[in-house]
Amino acid sequence: MRYALPIILFLALATLIVTAPRIGPWRARRQAHALARDLVQTEGFTASPDIEHEIAAEHAPPFHYGTAHNFEDDLIGTVRDMPVSTGSYTCHYNGETRRYGVALVSLDHDVERVEVRDGPAFATAWVIDAPPQHRIRTGTPAFDERFETYTPDRTDDRMVLAPDAPALLTGVAEPFSMRAEGRRLLLWRSPGWSSPEALEEDVTTAVAVLA
């Protein structure tokens with residue numbers, strides 16, 4: 001019996017070591033499924049594969065690395081009367097499953113190409129990210145230290161975003177990255193949004209900051 005306790009402790013520690021790396025991805029997947037359920041039940045979203053077809057060919061973040069690319073919980077609905085397709089995107093890299101919430105907004109007018117990243121995109125010695133050309137600074141230190149803003153179609157530093165964009169983007173509860181061109185606006189966030197309210201706040205903020 002004197003060996004029973006050390007054996008039990010050893011087995012418990014071994015179990016923790018094996019299962020710990022899976023806890024984060026499991027929680028992220030559960031959160032993504034809960035968001036999809038709530039969007040259907042409370043916001044009237046319906047199942048749709050549109051977002052996968054729309055962005056399957058993209059190679060820009062967050063789709064620029066990994067294998068086994070997959071979309072789950074593909075839905076379509078409206079946020080403040082704007083058509084929105086949303087879902088959960090996953091890929092495998094270095095033995096891990098990485099998850100992003102994505103939302104594709106159909107705008108009612110054309111916008112100039114702009115990309116705002118909440119920090120650098122995922123990169124390693126084997127994953128090379130080539131950011132868009134022409135990074136600009138807004139002059140707001142709190143924003144410029146956290147976010148990267150690119151206007152690839154410009155050669156000057158004139159602000160493409162609305163004047164209050166830095167305040168709006170730093171003020172959301174769940175910061176996100178976005179890329180806009182023409183009538184298409186894509187948002188992404190790792191590992192995703194926690195609630196329909198958080199998704200709505202980010203979508204409306206992203207639309208508001210487009211000048």
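The values are calculated or read from the model by the stated rules, or taken from the named source; none is laboratory data. Everything quoted here is computed from the prediction, not taken from an experiment. Every residue, glycine as well, gets a Cβ built from its backbone with ideal geometry; the counts of neighbours run over all protein chains shown. For the accessible areas, the whole protein counts, side chains as well, though only heavy atoms, and no ligand, DNA or RNA atoms are used. Shrake-Rupley method; radii C 1.70, N 1.55, O 1.52, S 1.80 Å.
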In the range 49-120, the GluC sites (Glu not before Pro) that fall in loop regions by DSSP, at most 16 other Cβ within 10 Å:
GLU58
Could you give me the ³J(HN,Hα) list for the range 119-136, computed from phi with Karplus coefficients 6.51, -1.76, 1.60 and θ = phi - 60°, whole Hz, x at Gly and Pro?
x, x, 5, 4, 7, 9, 4, 9, 10, 9, 9, 9, x, x, 6, 6, 7, 10
Hey, what do the phi angles of the range 143-149 turn into as Karplus ³J(HN,Hα) couplings, whole Hz, using 6.51/-1.76/1.60 and θ = phi - 60°, x for Gly and Pro?
7, 5, 6, 9, 9, 10, 10
Cβ neighbours within 10 Å, averaged per peptide: list 31-39, 119-127 in order, most packed at the top.
31-39, 119-127
Translational D in µm²/s for the range 55-147 (Stokes-Einstein at 37 °C, 0.692 mPa s, Kirkwood Rh from C-alpha pairs):
211
Prolate/oblate/rounded call for the range 143-191, Cα gyration tensor, a/c under 1.5 rounded:
oblate
For the chain, take the longest principal axis of its alpha carbons; what is the angle in degrees between that and the long axis of helix 4-43, to the nearest 10 within 0 to 90?
30
Helix-derived mean residue ellipticity, 222 nm - over the chain, DSSP H n ≥ 4, -39500 (n - 2.57), to 500:
-11500 deg cm²/dmol
Just subtract the alpha-carbon distance of VAL40 and VAL172 from 0.36 nm times their residue separation and send over the number in nm, one decimal.
45.2 nm
So which chymotrypsin sites (Phe, Trp or Tyr not before Pro) in the range 129-198 end up in coil per DSSP with only 15 or fewer other C-beta atoms within 10 Å?
none
5 Å is the cut-off here: which amide hydrogens, built 1.01 Å from N in the peptide plane, fall below it relative to THR78, excluding neighbours closer than 5 in sequence?
VAL84
Under 16 Å from a point placed 7 Å out from the Cα of ALA47 along the Cα-to-Cβ direction: which residues of the range 81-110 have their backbone N that close?
86-88
Sulfur and carbon atoms: percent of accessible area, the chain [1.4 Å]:
55
Prolate/oblate/rounded label for the range 108-178 (Cα gyration tensor, a/c 1.5):
oblate
So what's the angle, to the nearest 10 degrees on a 0 to 90 scale, between helix 196-209 and the longest Cα principal axis of the chain?
30
For the chain, built as a Gaussian network whose Cα springs stay under 10 Å, the top-fluctuating residue of ILE76, ILE136, ILE128
ILE128
Please say if the range 94-146 is rounded, prolate or oblate, where rounded means a/c under 1.5 for a ≥ b ≥ c the square roots of the C-alpha gyration tensor eigenvalues, and otherwise the choice is prolate for a/b larger than b/c and oblate otherwise?
oblate
Over the residues of the range 60-211, compute the C-alpha Rg and express it relative to 2.2 N^0.38 Å.
1.02
